[in-house]
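In what follows, a single structure is set out as structure tokens and then discussed.
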Amino acid sequence: MQPKSPIISVSDLYQKINDANIRIIDTRFSLFNKNEGKALFDKSHITGANYADLDKDLAGNITESSGRHPLPNVNTISGKLREWGISKFTHVIVYDHNNGSIASRLWWLLKWLGHEKVSVLDGGFLEWEKSNFPIDNSIPNYEPGNFVPVSKEDKTWKAELINKWIKQSKKFFLIDARDENRYRGIEEPIDKKAGHIPGAINIPFTLFLEENGVWKNPIEIRAIWKKYQVNSNVEWAVMCGSGVTACHLSISAELAGLSSPKLYPGSWSEWISDNNRPIVNG
């Protein structure tokens, strides 16, 4: 039986923390200081948590034509999940610093691999710490799990498909989760080129969050999607800079009762690797 919601409150996790079928994964990570997340984990983390590194564990090998965080090899990530003690019936709880921007990536990967029992901790480590729930710096030693990936329908869009639709002037529904200034090409602190894919709509993932990084209530979340005229009548997809925060939009869509969007994993960082692909600014 899968969780009723893609997110879980710190109080609900606290009630379940000693459950033998729970595994907690810390995904704290900074794009600007790649050692920061692990350093924070080593200093203190939710009791019983293991650490997943965005670059090393939740992404594959970067190539000249890939984005910054290509999807990991299925066998490699499955082996890592088994190492963390995850099996078919394990309820996996993932968290990051506070806003779910990194944790959502592991949530999506588990869904991609056919594992439905996964939740993101609402408000992350900061909300847990603020509640004075147990933290320590010990590394748990779990028996290896028997996780086996389950092949499902393709949950992704590829650059070639999107580019073909653009050339054909075919309408498509692609949501870009980056902040407005990056989308419009006003600033680009991470990637080599600025702008967005022609036809992509900008809905920053942060619109669905309160200032403290906790998700807004479902009524507010549904109102945001409605404002942008997003509904479940057509297939749609989400993207961002490298296929990470886009997964946050997938969670917000589920909270609103929308159909699950596909993911463009390569996202902006892959799109700009080919100079022949069109770019829009403004």
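The values are calculated or read from the model by the stated rules, or taken from the named source; none is laboratory data. Remember, predicted model here, so these are calculated numbers, not experimental data. Cβ placement follows ideal geometry from the backbone for every residue including glycine, while neighbour counts extend to all protein chains displayed.
Of the numbered criteria (1) in contact (Cβ under 8 Å) with a residue 40 or more places away in the chain; (2) in contact with a helix residue (DSSP H, G or I) (Cβ under 9 Å, 6 or more places away or on another chain); (3) not hydrophobic (A, V, I, L, M, F, W, C), the one Glu254 fails is (2). Being within 30 Å of Ser65 (Cα to Cα) and in a loop (DSSP other than H, G, I, E, B) is a property that Gly257 lacks.
All of Glu235, Glu220, Glu188 fail the test of being assigned to a loop (DSSP other than H, G, I, E, B) and without any contact (Cβ under 8 Å) to a residue 40 or more places away in the chain, apart from Glu188. Scanning the range 51-86 for residues that are in contact with a Pro (Cβ under 7 Å, 6 or more places away or on another chain) and either among the acidic types (Asp, Glu) or over 23 Å from Trp268 (Cβ atoms) (or both) returns Val74, Ser78, Arg82, Glu83, Gly85.
Scanning the range 101-115 for residues that are in a helix (DSSP H, G or I) and free of Cβ contacts under 8 Å to residues at least 40 places away in the same chain yields a single hit, Leu110. You will find that of Lys88, Lys80, Lys38, Lys111, the residue that is more than 15 Å from Pro6 (Cβ to Cβ) and out of contact with any Phe, Trp or Tyr (no Cβ under 8 Å at 6 or more places or on another chain) is Lys80 and no other.
When we screen Glu160, Glu127, Glu116 for residues that are in contact with a strand residue (DSSP E or B) (Cβ under 9 Å, 6 or more places away or on another chain) and surrounded by fewer than 23 Cβ atoms within 10 Å (Cβ to Cβ), the only hit is Glu127. You will find that of Val238, Val234, Val230, the residue that is crowded, with 19+ Cβ neighbours inside 10 Å and at pLDDT below 95 is Val230 and no other.
From the list Gly60, Gly79, pick out the single residue that is more than 15 Å from Thr27 (Cα to Cα) and within 17 Å of the chain's Cα centre (by Cα).
Details: Gly79 fails: within 17 Å of the chain's Cα centre (by Cα).
Answer to the selection: Gly60.
The combined condition, being modelled with pLDDT under 95 and among the small types (Gly, Ala, Ser), is fulfilled by Ser5. Exactly one residue out of Leu109, Leu161 is within 25 Å of Pro72 (Cβ to Cβ), over 18 Å from the mean Cα position of the chain (by Cα) and not charged (D, E, K, R): that is Leu161.
Here Trp84 qualifies as in contact (Cβ under 8 Å) with a residue 12 or more places away in the chain, of a type in the set (Phe, Trp, Tyr) and out of contact with any Cys (no Cβ under 8 Å at 6 or more places or on another chain).
Put simply, of Lys155, Lys171, Lys164 the only residue that is charged (D, E, K, R), closer than 30 Å to Pro278 by Cβ and in contact (Cβ under 8 Å) with a residue 60 or more places away in the chain is Lys155.
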